[in-house]
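One structure below.
The values are calculated or read from the model by the stated rules, or taken from the named source; none is laboratory data. What you see is a predicted model, and the numbers here were worked out from it, not measured in a lab. Methodologically, a virtual Cβ is constructed for each residue, glycine included, from the backbone with ideal geometry; neighbour enumeration extends over all protein chains shown. Protein only, heavy atoms only, side chains kept; ligands, DNA and RNA dropped before computing areas. Shrake-Rupley method; radii C 1.70, N 1.55, O 1.52, S 1.80 Å.
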Amino acid sequence: MRAGRIGAAVLALSAGAAQAHPHEFIDAGIELRFDAGGALTALRIVWVYDDLTSLMILSDRGLDPDGDGTLTEAEAATLSGFDMDWAEGFAGDTYLLHGDVPLPLGPPQDWTARVVQGRIITTHLRQLAAPIAPGAAPMVVQVYDPGYYTAYTIATTPLIRGRNDCTAEVYGPDVAAADAALTAAIEELSGDAEADFPAVGAAYAEEVRLICPQD
């Protein structure tokens, strides 16, 4: 797991809040899909769960009983979709913006699951409500959990399918500023720090910025 994702200010917090959040760590991958006309139509998202979370999920489901870090075909089929039963209104911890305008994404579909070296890897597809051609404003894909239960890192180079004239770069958050915001929010809590944990996940968001030539 990547303890380095939690800044020094967070680690210094009392009342157990720093130890409670984030609970799990996910390496994310982003693939941007374009149609024949050059419009963005969908995102394929990859989630690679940390070792401990993967172990707990597999154990809870009675999978990989031999502990060899791999699944049989039947076990993989059982695991597939375990993280796709989303509550109504859940954004999937993935946010697409065109400039400052949020673009709605459809529900997850075409999902997969496997285990590699003990880590669960799942993928799913999110369709845009309508294809959109990139313009002067960049398109941005942000990955974060608003409640910071999960910490996401974009760990691989974004993939672009359907166009060869666009570039996609990964940008990280200002961790010092995010830690300061979290510290201030924790200090203002009067109740249970775990139950009332502030929605600071956006401050820790990593993002992909897509730039394509203008027509």
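For the stretch 93-101, the criterion of being in contact with a strand residue (DSSP E or B) (Cβ under 7 Å, 6 or more places away or on another chain) and not in a strand (DSSP E or B) is met by at least one residue.
The number of residues in the stretch 199-215 being modelled with pLDDT under 85 and open to solvent by 20 Å² or more (accessible area, probe 1.4 Å) comes to 3. Restricting Asp165, Asp145 to residues that are of a type in the set (Asp, Glu), in a loop (DSSP other than H, G, I, E, B), surrounded by 19 or more Cβ atoms within 10 Å (Cβ to Cβ) and at pLDDT 90 or above narrows the list to Asp145. When each of Glu88, Glu75 is tested for being among the acidic types (Asp, Glu), at pLDDT below 95 and in a helix (DSSP H, G or I), the lone residue that passes is Glu75. Looking only at residues of the stretch 25-42 that are closer than 20 Å to Cys212 by Cβ and out of contact with any Leu (no Cβ under 9 Å at 6 or more places or on another chain), we find that the one that is surrounded by the fewest Cβ atoms within 10 Å (Cβ to Cβ) is Ala36.
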